[in-house]
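One structure below.
The values are calculated or read from the model by the stated rules, or taken from the named source; none is laboratory data. Small disclaimer: the values here were computed from a predicted structure and weren't measured. Neighbour counts run over all protein chains shown; Cβ positions are idealised from the backbone, glycine included.
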Amino acid sequence: MTKGPGGPVARILELGGIVDDIQMHVHGAVIWRPGEEVLLFLDRMEGSDYRVTGFSQGKFGIERDPATGEAFVRRPAAEGTEIVGAPPGRAEEPFAGSTRVPLTQFVNHALGWK
């Protein structure tokens, strides 16, 4: 599922990497694993390149139910955190306390389609 114009391939630029014997690690940068399925929130850079929004905060792993094949987003636990200045009722959002959310529900909520 994509939002907006796009193609089958997107060039994503990230900080860090390895060239010859030199490695640069940037804390908070996205870590990629071969073969993983992910949902990305991307920001367009100049030209046709993208970057992941908010470093690794814009990357969500996709898990599939082995029996049904249904896709889920694994949401990092935020227990013990406080959202400073959050509007009243923020804790009652549809995904509060959840760690696994159906992909379609997650995308619809992110796009404001509820």
**Q.** Some residue of region 62-73 being modelled with pLDDT under 90, exposed (fewer than 13 other Cβ atoms within 10 Å of the Cβ) and part of a loop (DSSP other than H, G, I, E, B)
**A.** no
Q: Might you check whether a residue that is basic (Lys, Arg), in a loop (DSSP other than H, G, I, E, B), over 16 Å from the mean Cα position of the chain (by Cα) and modelled with pLDDT under 90 occurs anywhere in region 88-96?
A: no
Q. Mind checking which residues of region 15-42 are assigned to a strand (DSSP E or B) and either hydroxyl-bearing (Ser, Thr, Tyr) or in contact (Cβ under 8 Å) with a residue 12 or more places away in the chain (or both)?
A. VAL38, LEU39, LEU40, LEU42
